[in-house]
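The values are calculated or read from the model by the stated rules, or taken from the named source; none is laboratory data. Since the structure is predicted, the reported quantities are computational estimates derived from the model, not experimental observations. For neighbour counting, all protein chains shown are included, and Cβ atoms are generated from backbone atoms with ideal geometry for every residue, glycine included.
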Number of protein chains: 2
Amino acid sequence: MTYCVGMVLNRGLVFMSDTRTNAGLDNISTFRKMHHWTVPGDRVMTVMTAGNLATTQAVISILDERNKAPDDRNPSILAAPSMFQAARIIADTLKDVIAKHTASGQQASAFSATIILGGQIKGGPTRLFLIYPEGNFIEAGDDTPFFQIGEMKYGRPILVRAYEPDMSFEEAMRLLLVSFDSTLKANLTVGLPFDYHLYEADSYETGHEGRIEKEDPYFATVSEGWGDALKTALTRLPTFELG
Amino acid sequence: MTYCVGMVLNRGLVFMSDTRTNAGLDNISTFRKMHHWTVPGDRVMTVMTAGNLATTQAVISILDERNKAPDDRNPSILAAPSMFQAARIIADTLKDVIAKHTASGQQASAFSATIILGGQIKGGPTRLFLIYPEGNFIEAGDDTPFFQIGEMKYGRPILVRAYEPDMSFEEAMRLLLVSFDSTLKANLTVGLPFDYHLYEADSYETGHEGRIEKEDPYFATVSEGWGDALKTALTRLPTFELG
């Protein structure tokens, strides 16, 4: 399984992904699920993937190759005139990769994958898309300002409650790490390290990026502190009165 | 879908269930998913059900009928010498009901259901069981002091973090309502009203029981207050420092 979140803030875009993949519970590996393409001064795109690893690696490799040698039939996302067109290219690529494997007689669901795409191209706003295995996609807006893919349920309540569009990057990282910690505590197939990328709107360059490692002292503080913070929060609510 | 939680506290057992059932998103009804059997001074048993409504209603009806006219082949849970034996009777009944429907050629998963059983029989301790559709079951212990059935993921993080065996019933109700509220906010197929039963250990009588209705002012306070409480809790954690 996987857990990735992409979030639209007033000051930019925030991405975080875990790195655990597994084929069965005793075959666990670490793979990067977040990828960037940056043309400084022109565009920044970040992609996060969940689902069949062979499918998502194939999609990323195809996008990479086309960036080096695009042609008319197979356009490069680095040449796309808008984020919307980039989302179409990635969605078509994803659908094609799944269709190719399915043609050999396997069920499509076995090769399924979902992708979050976010970024900005000069002349346009920051945009965030959720791309489905069927090759269609939706865009984040004011009502739905973030997307989650993978094991999303455990970490969702805190996002729904605490997300604010005017958060700072520092606050967004704190919120995401709490959401990831809740997921981690409940599902063995989501694991550290976590990759992140904080893209500042209108900067057109790769933003703060990095990896939260297993021994990260800040994550340890958040993880330990959150349990106490939750208990304190609970005690601030009035108790139930037995009739 | 459904959401039910059964919890072992030092002072007794706590049960809460939602009441929404649906066959498709536009066919929603309210059904009781919590049932009690009490023989004052001797035993108290509470059952909560999740899964196919025809299956769970059949199980409850069969148990009820046997309580009125038990025989050797079909023992009544009111005659069971221990909670363990009661769990076996319910588990066998559940398995039989599912097997009967499956015999007509349908897949077993379509008729599947899961049951939480908790209670106490004179001479024994309070016990809590999770009964699977296959007819086997597990018991709660110090390491796993509560069971959830149905749509359990959204409401789990707060239970994992805030459960304490020495909680009062009032505190447990507050915790459960926060857990139910998180689930409600995320899944349309879990809905108010909620039924609850608070069984006091060694009382051998039905405890505080009731229903949290849609307009319940305490639930409204918890639901509104929890969002603010979570945000406050989050701000008490140190923020991330960008490198």
Out of all the residues in region A:141-162, is one or more in a loop (DSSP other than H, G, I, E, B), in contact (Cβ under 8 Å) with a residue 12 or more places away in the chain and within 22 Å of A:T55 (Cβ to Cβ)?
yes
Which of the residues spanning region A:170-192 are within 21 Å of A:L13 (Cβ to Cβ) and modelled with pLDDT under 95?
A:T183
Out of A:Y199, A:Y132, A:Y218, sole residue that is over 21 Å from A:T56 (Cα atoms) and touching a strand residue (DSSP E or B) at 6+ places or on another chain (Cβ under 7 Å):
A:Y199
Checking B:M16, B:M1, B:M7 in turn, the sole residue that is touching a strand residue (DSSP E or B) at 6+ places or on another chain (Cβ under 9 Å), closer than 22 Å to B:P193 by Cβ, part of a loop (DSSP other than H, G, I, E, B) and not hydroxyl-bearing (S, T, Y) turns out to be B:M1
Taking region A:178-236 and keeping residues facing chain B (nearest Cβ under 10 Å), in a helix (DSSP H, G or I), aromatic (F, W, Y) and within 19 Å of the chain's Cα centre (by Cα) leaves A:F219
Can you work out which of the residues in region A:36-69 that are surrounded by 15 or more Cβ atoms within 10 Å (Cβ to Cβ), of a type outside the set (A, V, I, L, M, F, W, C) and more than 18 Å from the chain's Cα centre (by Cα) is nearest to A:A23 (Cα to Cα)?
A:R66
Selection from region A:219-243 of residues that are aliphatic (A, V, I, L, M), surrounded by fewer than 16 Cβ atoms within 10 Å (Cβ to Cβ) and modelled with pLDDT of 90 or more
A:A220
Let me spell it out: the conditions are (1) in contact with a strand residue (DSSP E or B) (Cβ under 7 Å, 6 or more places away or on another chain); (2) more than 11 Å from every other protein chain (Cβ to nearest Cβ); (3) not β-branched (V, I, T), and A:M167 meets all of them except one. Which number is the exception?
(2)
Can you find, within region A:142-164, the residue that is nearest to the other protein chains (Cβ to nearest Cβ) among those that are more than 19 Å from B:L237 (Cα to Cα) and more than 16 Å from the chain's Cα centre (by Cα)?
A:D143
Do you know which residues across region A:121-133 are surrounded by fewer than 23 Cβ atoms within 10 Å (Cβ to Cβ) and either farther than 18 Å from A:G51 by Cα or more than 10 Å from the chain's Cα centre (by Cα) (or both)?
A:K122, A:G123, A:G124, A:P125, A:T126, A:R127, A:Y132, A:P133
